[in-house]
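The values are calculated or read from the model by the stated rules, or taken from the named source; none is laboratory data. Just so you know, these numbers come straight off a predicted model, no measurement behind them. Note that we place each Cβ from the backbone using ideal geometry, even for glycine, and neighbour counts take in every protein chain shown.
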Amino acid sequence: MKSLATTMLLVVLGLSAFAVTYSLRRFAVQPPSNLEAPTVPAGEFTPPGQAPPDMVWIPGGEFVMGSDSEQAWPDEGPPHRVRVDGFWIDETEVTNARFRVFVEATGYVTTAERAPTVEEILAQSPPGTPAPPADILVPGSLVFSPPDHPVPLNDVSGWWKWTPGANWRHPEGPESDLTGREDHPVVHVSWDDAVAYAKWAGKRLPTEAEWEFAARGGLEQAPYAWGHEPFDEVTPQANLWTGTFPNGNTAVDGYARTAPVKSFPPNGYGVYDMAGNVWEWCSDWYSRDFYSKSSPAEITLNPGGPGDSHDSMRPFTSQRSQRGGSFLCNDSYCSRYRPSARHGCTPDTGMSHVGFRCVKPR
Ligand SMILES: [Ca+2]
């Protein structure tokens with residue numbers, strides 16, 4: 001849990017690496033890819049037998065992964081051809097109810113329920129980082145805590161608060177619980193927690209390629225999981241942030257934080273919440289420039305990401321990929337609820353807007 005603690009420490013010290021990540025500005029728009037439309041996917045359109053409970057068959061096929069649109073961030077490009085085999089995917093994010101079944105069956109203790117150590121913190125901190133005070137080395141997690149006034153958007157410590165006692169059972173801290181939220185996505189789960197659940201369930205985390213293919217719902221290079229229309233507050237397509245971030249959430253989409261799964265229409269493959277609600281862990285290591293190593297002329301088969309994490313913006317940490325954005329996404333700040341959008345996070349970090357779903361090969 002060293003990175004969770006690192007994140008905590010950096011936030012406490014006002015040095016959050018997330019501030020670096022989120023303060024990025026698009027420094028260049030990727031040039032047009034000139035990719036031709038892919039051939040008709042020769043995918044496995046017929047589901048192989050009976051569907052596992054609460055899973056949807058995603059036919060394999062070829063698609064253009066990534067984006068060079070005006071909304072895209074540098075790590076989304078260049079677009080490149082990818083082919084994935086067919087697979088089953090959870091039709092929703094893993095809910096609190098499902099995660100509770102796992103915990104009760106196994107006695108699993110999540111990362112956020114264990115205290116970090118000084119060694120774990122310093123192992124992924126910049127050289128010279130002072131040891132954190134012992135009294136903050138307690139179990140906890142990062143909770144979105146909106147300020148009551150506008151704050152600079154380049155300092156995430158303005159809305160993320162290290163909260164002792166926060167974990168999947170207590171999403172906003174010890175005084176909160178899951179009453180009425182059994183069908184909400186589980187949060188405060190680290191990548192390690194998600195992998196443990198997946199193994200127990202006989203599944204695995206999706207690769208970024210599988211996740212993006214599923215999120216696109218059969219649409220080719222559409223900007224959103226639901227198509228081409230921008231997010232509409234009147235008829236919301238997803239649980240995003242509405243209003244002024246981070247101090248003025250109007251919640252006109254019905255939810256200021258997580259929403260019950262299936263609260264919004266599914267995409268073309270019948271998969272829910274591939275945009276917003278909570279970020280979802282993928283199996284890949286996160287590399288900010290990984291796509292630039294792909295040849296636009298070649299088709300990559302079932303890519304599983306790089307062999308290791310690489311992010312020049314966060315050189316002292318290893319990160320796994322997340323997809324889908326969350327209830328905190330707002331075009332004024334972060335439009336990463338799009339299918340091609342990516343994000344990296346240390347694998348031992350859980351937060352109040354991070355969950356996951358699983359896949360299963362045929
Ligand atoms: Ca919302």
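Among the residues of region 295-335, those identified as under 30 Å from GLY254 (Cβ atoms) and surrounded by fewer than 23 Cβ atoms within 10 Å (Cβ to Cβ) are ASN330, ASP331, SER332, TYR333, CYS334, SER335. ARG81 meets each of the listed conditions (1) surrounded by fewer than 17 Cβ atoms within 10 Å (Cβ to Cβ); (2) among the basic types (Lys, Arg); (3) closer than 30 Å to ASP331 by Cα apart from (1).
Flag set for VAL103, criterion: surrounded by 15 or more Cβ atoms within 10 Å (Cβ to Cβ), out of contact with any Asp or Glu (no Cβ under 9 Å at 6 or more places or on another chain) and within 22 Å of ARG181 (Cα to Cα). Considering only region 154-167, state which residues are under 21 Å from the mean Cα position of the chain (by Cα) and in a loop (DSSP other than H, G, I, E, B). Passing the criteria: ASN154, ASP155, TRP159, ALA166.
Consider GLY325 carefully, then state whether it is at pLDDT 95 or above and out of contact with any helix residue (DSSP H, G or I) (no Cβ under 8 Å at 6 or more places or on another chain).
For GLY325, the condition - at pLDDT 95 or above and out of contact with any helix residue (DSSP H, G or I) (no Cβ under 8 Å at 6 or more places or on another chain) - is met.
Only one of the numbered conditions (1) free of Cβ contacts under 8 Å to residues at least 24 places away in the same chain; (2) in contact with a Pro (Cβ under 8 Å, 6 or more places away or on another chain) is not met by LYS360, and that is (1). A search for C-beta distances below 7 Å between a residue of region 241-254 that is assigned to a loop (DSSP other than H, G, I, E, B) and any residue that is near the ligand (Cβ under 7 Å from one of its atoms) and among the hydroxyl-bearing types (Ser, Thr, Tyr), counting only pairs 6+ apart in sequence or on different chains, returns THR250/THR242; ALA251/THR242; VAL252/THR242; ASP253/THR242. When VAL195, VAL151, VAL187 are screened for being crowded, with 20+ Cβ neighbours inside 10 Å and either in a loop (DSSP other than H, G, I, E, B) or modelled with pLDDT of 95 or more (or both), only VAL187 passes. Only one of the listed residues (SER335, SER295) is within 15 Å of the chain's Cα centre (by Cα) and either of a type in the set (Ser, Thr, Tyr) or within 16 Å of the ligand (Cβ to nearest atom) (or both). That residue is SER335. Would you be able to tell me the number of residues in region 62-96 that are touching a Leu at 6+ places or on another chain (Cβ under 9 Å) and of a type in the set (A, V, I, L, M)? Here the count works out to 3. Exactly one residue out of ASP308, ASP289, ASP284 is more than 20 Å from LYS203 (Cβ to Cβ), in contact with an Asp or Glu (Cβ under 8 Å, 6 or more places away or on another chain) and among the acidic types (Asp, Glu), and it is ASP289. Residue count for region 243-289, restricted to those that are hydroxyl-bearing (Ser, Thr, Tyr), away from the ligand (no atom under 12 Å from the Cβ) and over 16 Å from GLN322 (Cα atoms): 3.
Restricted to region 281-294, and to residues there that are of a type in the set (Gly, Ala, Ser) and closer than 26 Å to VAL189 by Cα, the residue that is surrounded by the most Cβ atoms within 10 Å (Cβ to Cβ) is SER287.
Within region 223-242, the only residue that satisfies the criterion of being small (Gly, Ala, Ser), crowded, with 20+ Cβ neighbours inside 10 Å and more than 12 Å from the ligand (Cβ to nearest atom) is ALA225.
Beta carbons closer than 7 Å, at least 6 apart along the sequence or on distinct chains, pair a first residue in region 260-289 that is acidic (Asp, Glu) with a second that is within 16 Å of the ligand (Cβ to nearest atom) and part of a strand (DSSP E or B) for GLU280/GLY355.
Checked against (1) part of a loop (DSSP other than H, G, I, E, B); (2) more than 16 Å from the ligand (Cβ to nearest atom); (3) modelled with pLDDT of 90 or more, HIS343 meets all criteria but (1).
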